[in-house]
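The structure appears below as structure tokens.
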Amino acid sequence: MASESAARPHCVAIIGGAVSGAEVAGRLAEKGVTVAVFEQNPRPFGKIEDGLPRWHHKLRNKEYDTIRGKLDHPNVYYVPDTRVGRDIDFSALCNEWGFSAVVLANGAWRDRPVGIEGAEACVGKGLIYQNPFVLWWNHLEESNYQGPEFEVVDDTMVLGGGLASIDVAKIVMLEGARAKLAERGIDVEVIDLEVKGIPKILESHGLEFEDLGLQGCTIYYRRRIEDMPVVTIPEDATPEREAKVRRSRATLLDKAMRKFGFEVEELCVADDVIVEDGKLVGMVFRRTKLEGNRVVTTDETFERRGACVISSIGSIPEPIEGIDMKGELYDFEDWDTGRLSAYPNVFSVGNVVTGKGNIIASRKHAAEVSTAAIEAFLGVADDVEAGRAALSDPTVTAAGDLAEGVTEHLAHTPHPSAEAYDATVARIAERQKAVDYTGDLASWLKLVEPKPR
């Protein structure tokens, strides 16, 4: 007969409460595991709220409901406003709190540095990084936003080439067009402008793009347009299939550029900064070429000047004291499960493993994403809203697989004693009290709900 101590449920800590973290939490809680979800923000919505541009409002609301549903399980303890590595020591969490397993689902929130001498000195002086910029733009209509403030300016240069850089370019163009229309006494909501597209809105008012007097926004990309990873080439793709995907990439980009008015300068990489009076006013670019799949720089350079540079060259995980790094990523021993050699009870899932920071990349880690879904995400589908609704259907294979891996680990791990279990729950409650958590997810989310200006 099992002893009383063996009957105590396992306790699992999950770092990060958004898409992947909530899915793992929900699945483990359904199996009778006690789960503590440590979230760095007051709300658990992660990149859905802070990194997915707010024109995706229907998709965001649906994802909010899904995450709330997973975290509102009686076996889940939600712990907001808690950053592991700052508020709680990671090593202590793994080794001293009494958790049978710890799951890293903390995503990729740190921008990859530009990596050019003198660039970092220009942050806030002509150089902006994508993550704080999009976060601000998503919350700029809220009175209780307390983060850094930015300004959307015409003639912006964007460094990048992925979906996130297209989002940034769209924000710049939509805000620029809206401001120019406002000068003419025409008030247009940014969501309407994004769904219908700039040309259609202008046409309805008897205007053309040239009438706005915008210089526009350009993305500078180190590869060719058909190499932009907006649609992933399957690993087992035939040459014919690969060529088809590349053509679809070029078609998608062309649709986006025509609908939103930005440009793409291909085959170039930032090589130097142009600084005047302590402000970044432009970049020196070096031409590139492809040798097979490898990007090779050439001797040709050119200058481009602009009002602002936004770097969108990638998002990487925030370093956590106690976790060894391998380059820009955590030094995983097993990349499929995100295992760390120094912590045999730690697993990882989502963007913290992929080292990518947008929702499509997160979902690609879980399941194949169709071209139709990408069209919806970019806002160039025939029926944008219907396409985005389809995109929000659950594709959480990776999180589900990870939950099964944790379950297997727990099956071979001794259950905590009654004393140890009570001590773990007490420590969780102590942290909740420290951040004034109400103890009820619904009332807490209502308390910290964004307030309109």
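The values are calculated or read from the model by the stated rules, or taken from the named source; none is laboratory data. A quick note: this is a predicted structure, and the numbers were derived from the prediction, not measured. So basically every Cβ, Gly included, is an ideal-geometry build from the backbone, and we count neighbours across all protein chains shown.
Please verify whether ARG287 is assigned by TED's automatic domain parsing to the domain that holds LEU163 and within 30 Å of GLU210 (Cα to Cα), treating the condition exactly as stated. Walk me through it before giving the result.
Values: assigned by TED's automatic domain parsing to the domain that holds LEU163: yes; within 30 Å of GLU210 (Cα to Cα): yes.
In short, yes.
If you check ALA177, ALA182 for being free of Cβ contacts under 8 Å to residues at least 24 places away in the same chain, over 13 Å from MET257 (Cα atoms) and more than 24 Å from the chain's Cα centre (by Cα), only one passes: ALA182.
Which fully enclosed strands (runs of 3 or more DSSP E) of segment 267-310 have 3 or more residues being within 26 Å of the chain's Cα centre (by Cα)?
Numbers: elements: 268-276, 279-291, 294-305.
Per the criteria, 268-276.
Being within 24 Å of the chain's Cα centre (by Cα), more than 23 Å from ALA270 (Cβ to Cβ), surrounded by fewer than 17 Cβ atoms within 10 Å (Cβ to Cβ) and of a type in the set (D, E, K, R) holds for only one residue in GLU240, GLU235, and it is GLU235. In the condition set (1) at pLDDT below 95; (2) surrounded by fewer than 22 Cβ atoms within 10 Å (Cβ to Cβ); (3) not in a helix (DSSP H, G or I), LYS62 is compliant with all but (3). Just one residue in the set VAL425, VAL406 is surrounded by fewer than 18 Cβ atoms within 10 Å (Cβ to Cβ), at pLDDT 55 or above and of a type outside the set (S, T, N, Q); that residue is VAL425.
Checked against (1) of a type outside the set (Ser, Thr, Tyr); (2) closer than 25 Å to ILE428 by Cα; (3) without any contact (Cβ under 8 Å) to a residue 60 or more places away in the chain, ASP72 passes all but a single condition, namely (3). Here THR82 meets the list (1) polar (S, T, N, Q); (2) buried (at least 19 other Cβ atoms within 10 Å of the Cβ); (3) touching a Ser or Thr at 6+ places or on another chain (Cβ under 9 Å) almost entirely, failing just condition (3).
The residue pairs whose first member lies in segment 16-43 and is within 26 Å of LEU135 (Cα to Cα), whose second member is acidic (Asp, Glu) and surrounded by fewer than 24 Cβ atoms within 10 Å (Cβ to Cβ), and whose beta carbons are closer than 6 Å, counting only pairs six or more residues apart or on different chains, are PRO42/ASP81.
Restricting segment 85-119 to residues that are of a type in the set (Gly, Ala, Ser) and over 30 Å from GLY161 (Cα atoms), the residue that is surrounded by the fewest Cβ atoms within 10 Å (Cβ to Cβ) is ALA92. For the criterion of being acidic (Asp, Glu), closer than 29 Å to SER315 by Cα and modelled with pLDDT of 95 or more, ASP192 fails.
Of everything listed in (1) surrounded by 15 or more Cβ atoms within 10 Å (Cβ to Cβ); (2) under 29 Å from ALA119 (Cβ atoms), the single unmet condition for THR297 is (1). Across segment 87-111, the qualifying residues are those that are modelled with pLDDT of 95 or more and among the charged types (D, E, K, R), and the one among them that is nearest to VAL435 (Cα to Cα) is ASP87.
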